[in-house]
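Worksheet: one structure, shown below.
The values are calculated or read from the model by the stated rules, or taken from the named source; none is laboratory data. Note that the structure is a prediction, hence the values are computed from the model and not measured. Note that we place each Cβ from the backbone using ideal geometry, even for glycine, and neighbour counts take in every protein chain shown.
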Amino acid sequence: MTLTKFVCISLLTLGAGWGRPGQNRGPRTEAQDARSTIAGVWRGHSVCEDKNSPCHDEVNVYRFSTVPGSPDEFSVTASKVVDGKEIVMGSGEWKYDEKTKVVESGVPPIRLALNGKKMEGALRLADGTVYRRIYLEKEN
């Protein structure tokens, strides 16, 4: 084999995958894995803690989207299901804390702990009282 053929074949072999979308470009960080786990649709239910309040147990759908340039933020739309239809309750920016594995909204104050394909947490009142417990599972 000539030197020219060897160089050409070597370059083609080494560069065969360069620049292809989705190609593994090194090890993923834990934060990247968490972002890809969190992003998507989560379904479940919420249960009222104060049975003497106007609160009602609900079927819920939470849609998490990544925020470009903000690795610890998500845009979230939360809905309840009534008569088979999703009714949006609200949307906003949520923060993810990699150390505690918690996603959290500001208003209303909701904290959900990530555990694999499940999230569990609560909506609390201003005084810290748990108003609603929330249980979600990631859709495939």
Some residue of segment 118-128 being farther than 21 Å from Asp72 by Cβ, within 15 Å of the chain's Cα centre (by Cα) and surrounded by 14 or more Cβ atoms within 10 Å (Cβ to Cβ): no
Breaking point among (1) loosely packed, with under 14 Cβ neighbours inside 10 Å; (2) in contact with a Gly (Cβ under 7 Å, 6 or more places away or on another chain), for Val82: (2)
Those residues of segment 81-94 which are more than 18 Å from the chain's Cα centre (by Cα) and either of a type in the set (D, E, K, R) or not in a strand (DSSP E or B) (or both), in sequence order: Asp83, Gly84, Lys85, Glu86
Qualifying residue in segment 57-66 (condition: at pLDDT 95 or above, touching an Asp or Glu at 6+ places or on another chain (Cβ under 6 Å) and of a type in the set (A, V, I, L, M, F, W, C)): yes
Residues within segment 88-112 that are within 17 Å of Asp33 (Cβ to Cβ) and of a type in the set (D, E, K, R), tallied: 4
Boolean, Thr66 is part of a strand (DSSP E or B) and in contact with a helix residue (DSSP H, G or I) (Cβ under 8 Å, 6 or more places away or on another chain): yes
Candidate set: segment 64-79, residues that are of a type in the set (Gly, Ala, Ser) and over 11 Å from Ile38 (Cβ atoms); chosen: the one surrounded by the fewest Cβ atoms within 10 Å (Cβ to Cβ): Gly69
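Would you tally the residues in segment 45-63 being hydrophobic (A, V, I, L, M, F, W, C), part of a strand (DSSP E or B) and surrounded by fewer than 17 Cβ atoms within 10 Å (Cβ to Cβ)? Before you say what the answer is, go through the steps one by one.
Of all residues in segment 45-63, those hydrophobic (A, V, I, L, M, F, W, C) come to 47-48, 55, 59, 61.
From what's left, part of a strand (DSSP E or B): 47-48, 59, 61.
Next, from what is left, pick out any that are surrounded by fewer than 17 Cβ atoms within 10 Å (Cβ to Cβ): 47, 59.
Number satisfying all stated conditions: 2.
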Criterion violated by Gly69 - all others in (1) more than 22 Å from Asn140 (Cα to Cα); (2) under 15 Å from the mean Cα position of the chain (by Cα) satisfied: (2)
